[in-house]
1. Are there any pairs, at least 6 apart or on different chains, whose C-beta atoms fall under 9 Å, with the first in region 124-144 and within 18 Å of residue 57 (Cβ to Cβ) and not assigned by TED's automatic domain parsing to the domain that holds residue 72 and the second among the polar types (S, T, N, Q) and crowded, with 21+ Cβ neighbours inside 10 Å, and if so, which?
2. Mind listing just one residue for me: the one in region 128-160 that is modelled with pLDDT under 90 and farther than 19 Å from residue 74 by Cα and, of those, surrounded by the fewest Cβ atoms within 10 Å (Cβ to Cβ)?
3. Taking residue 100 as the residue in question, decide whether it is within 26 Å of residue 57 (Cα to Cα) and at pLDDT 60 or above.
4. Considering (1) under 15 Å from the mean Cα position of the chain (by Cα); (2) at pLDDT 85 or above, say which one residue 122 fails and leave the rest.
5. Starting from residues that are buried (at least 17 other Cβ atoms within 10 Å of the Cβ) and among the polar types (S, T, N, Q), keep the ones in region 161-187 and report whichever is nearest to residue 70 (Cα to Cα).
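The values are calculated or read from the model by the stated rules, or taken from the named source; none is laboratory data. Not measured: the values here are computed from a predicted model. Neighbour counts are summed over all protein chains in view; Cβ atoms, including those assigned to glycine, are modelled from backbone coordinates with ideal geometry.
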Amino acid sequence: MPQNDIDLIKEYRQSKDLATLGLLYKNYMPLVYGVCLKYLQNRDDARDAVMDIYEKLKDELLKYDIPNEFKPWLYVVVKNHCLMKLRKDSSISRNFEKYLHESVESEYVLHPIDTDSDENVLKVLADCIEKLKDQQRLCVTMFYYDKMCYRQISDYLDISEKKVKSDLQNGKRNLKICIEQNCESEG
């Protein structure tokens, strides 16, 4: 029986056996719950999100190429899920928009998100983040949402700071292009 994350993912992708997915997810449930609690700040919502994310993983693991490190990828999935839930929850949408605006570099207008907090643009941003290459998505998410510096991202992903900077620049450029294309197609 497969023991490590990558083996469990491969086994699940081949068999689509939910017991295999359960083995993989069981190891990360405390992490997932902790991240959900951090963002949602409500135990019931965090517990619901843990189950929602499990359901989401059933499809996501079949759709996307998972990097060799499952934990950082899962963390991004969890965090994006929580941020989308916050955005949808009208009672705390103001806090989400404030958090999102604080997460981007204030001295530069990098994306339409900096000047327009329209709900459609927030959805487009989340969709475009999901379309980034894995390492770009991780770097952008860790830098803007987690407020990690280049060194912290470099250490966490075990890549050079120069590579972090390159992935951030390329990720921002790709996000801008994706957002502009989506906004033009809607307009």
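1. 129/141
2. Per the stated criteria, the residue is 151.
3. No; evaluated as a whole, the condition is false for this residue.
4. (2)
5. So, considering only residues that are buried (at least 17 other Cβ atoms within 10 Å of the Cβ) and among the polar types (S, T, N, Q), the one nearest to residue 70 (Cα to Cα) is 174.
This table checks each residue for (1) loosely packed, with under 15 Cβ neighbours inside 10 Å; (2) at pLDDT below 90.
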{"position": "29", "(1), (2)": "yes, no"}
{"position": "33", "(1), (2)": "no, no"}
{"position": "37", "(1), (2)": "no, no"}
{"position": "42", "(1), (2)": "yes, yes"}
{"position": "47", "(1), (2)": "yes, no"}
{"position": "50", "(1), (2)": "no, no"}
{"position": "54", "(1), (2)": "no, no"}
{"position": "57", "(1), (2)": "no, no"}
{"position": "64", "(1), (2)": "yes, yes"}
